[in-house]
Amino acid sequence: MRAMSRPDSVMNHRKPTLFIVSDGRGDTCNQLTKAALVQFGHHECNLVRFSDVRTADEVRQIVYKAVEQHAMIFYTLVADTTRAAMDESARTFLIPTVDIMGPLLSAIHDRLKWEPTGTPGLLYSSERENFDRQVAIDYTLKHDDGQRPDELDAADVVLVGVSRASKSSTCFYLAYAGVKAANVPLLPGVAPLPQLLALDPEVVVGLRVNVMRLMTVRAARASYMGLRESDSYIDKRAIAREVIEVNRQMDRRGWRSLDVSYMAIEEIAKNVMRLRDLKGWIPL
């Protein structure tokens with residue numbers, strides 16, 4: 001028996017599929033396609049992204065999938081081989097495509113008489129510094145003051161120490177330098193987080209502060225918070241016990257540390273990077 005074709009009314013109600021194909025990350029193609037879709041109101045599409053497409057065979061496989069899913073292809077390919085493969089395969093299977101990068105390359109070539117290099121991924125390479133910075137800032141914001149401990153193993157460095165030892169401010173300075181930095185407070189009488197103890201000791205850096213300096217910093221904080229002088233947060237003996245115990249924890253775990261009592265934030269950050277041997281990052 002001959003299979004009945006699906007009525008056009010049913011086909012029209014199916015959410016259309018658009019393929020985003022790029023020899024880089026695909027962000028440019030994806031954003032431009034979304035910008036165009038916004039002009040069509042509340043109609044929805046399935047966006048399927050294919051990144052790092054570098055060979056003609058990969059292009060052909062994507063076109064075959066487009067045939068199966070009745071998809072339209074939007075692409076940013078700069079290499080001659082992949083562009084030719086897309087053009088040939090799309091014409092063979094009658095797949096509609098939009099070459100987003102092609103007209104731009106042609107216009108620049110015609111006007112300036114420059115030859116494109118045809119090298120994939122150059123945009124990401126040229127903007128990698130900014131990209132790494134944004135990733136690091138996002139990570140540091142989410143992992144301040146012991147948050148999300150299960151993700152500490154993704155950090156480039158984890159700072160530990162008593163409260164008001166400049167952990168957070170140093171982490172944010174490091175993040176701006178492209179370093180994924182987390183910080184975890186150490187508390188007297190409380191065992192360190194198991195996720196912290198599971199890390200390679202080389203990743204952890206302790207920030208030490210002497211008693212008098214910590215008293216001064218906390219006194220300023222206490223005044224703002226309206227704490228009483230008898231509060232253990234600013235009591236000299238309580239602070240001394242806290243500093244001694246936390247320093248012993250660092251020594252016991254084999255964590256390298258810095259005395260940051262009279263260091264500026266940028267100086268702390270620079271020394272942390274030196275201890276972690278984070279070479280090649282954005283200069284401080």
* For residues that are assigned to a loop (DSSP other than H, G, I, E, B), at pLDDT below 75 and touching a Lys or Arg at 6+ places or on another chain (Cβ under 9 Å), scanning just the stretch 107-148, find the one that is surrounded by the most Cβ atoms within 10 Å (Cβ to Cβ). => P120
* Scope the stretch 139-162; condition touching a residue at least 60 places away in the same chain (Cβ under 8 Å) and farther than 18 Å from R276 by Cα; matching residues -> V162
* Output yes when any residue across the stretch 210-225 is surrounded by fewer than 18 Cβ atoms within 10 Å (Cβ to Cβ), within 30 Å of Q134 (Cβ to Cβ) and not aromatic (F, W, Y), and no when none is. => no
* Pick from V67, V63: which is touching a helix residue (DSSP H, G or I) at 6+ places or on another chain (Cβ under 7 Å) and either among the small types (G, A, S) or over 24 Å from S106 (Cβ atoms) (or both)? -> V67
* Asked: Which one of L94, L18, L37, L77 is at pLDDT 85 or above, surrounded by fewer than 15 Cβ atoms within 10 Å (Cβ to Cβ) and within 30 Å of F131 (Cβ to Cβ)?
  -> L37
* Structure fact -> Cβ pairs under 9 Å, 6+ apart or interchain, first in the stretch 84-106 and free of Cβ contacts under 8 Å to residues at least 60 places away in the same chain, second among the acidic types (D, E) and surrounded by fewer than 18 Cβ atoms within 10 Å (Cβ to Cβ), ordered by first then second residue, are A85/D57; A85/E58; T97/D87; D99/D87
* Which residues, taken from the stretch 68-84, are in contact with a Ser or Thr (Cβ under 6 Å, 6 or more places away or on another chain) and assigned to a helix (DSSP H, G or I)? -> Q69
* Any pair with Cβ under 6 angstrom, 6 or more apart, that starts in the stretch 43-59 at a residue that is assigned by TED's automatic domain parsing to the domain that holds L32 and farther than 15 Å from G24 by Cα and ends at one that is modelled with pLDDT under 95 and assigned to a loop (DSSP other than H, G, I, E, B) -> E44/K15; C45/P16; N46/K15
* Structure fact -> Taking the stretch 168-216 and keeping residues in contact (Cβ under 8 Å) with a residue 60 or more places away in the chain, in a helix (DSSP H, G or I) and closer than 14 Å to D144 by Cα leaves S169, T170, Y173, L174
* Asked: Has the stretch 152-160 got any residue that is more than 11 Å from the chain's Cα centre (by Cα) and assigned to a helix (DSSP H, G or I)?
  -> yes
* Within the stretch 194-211, identify whether any single residue is farther than 20 Å from H143 by Cβ and either in contact with a Leu (Cβ under 9 Å, 6 or more places away or on another chain) or polar (S, T, N, Q) (or both), and answer yes or no. => yes
* To do: Would you point out the residue of the stretch 226-251, among those that are among the small types (G, A, S) and either at pLDDT below 90 or surrounded by fewer than 11 Cβ atoms within 10 Å (Cβ to Cβ) (or both), that is nearest to L187 (Cα to Cα)?
  => S232
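The values are calculated or read from the model by the stated rules, or taken from the named source; none is laboratory data. These numbers come from a predicted model, not from an experiment. Counting neighbours? That spans all protein chains shown, and the Cβs are built from the backbone with ideal geometry, glycine included.
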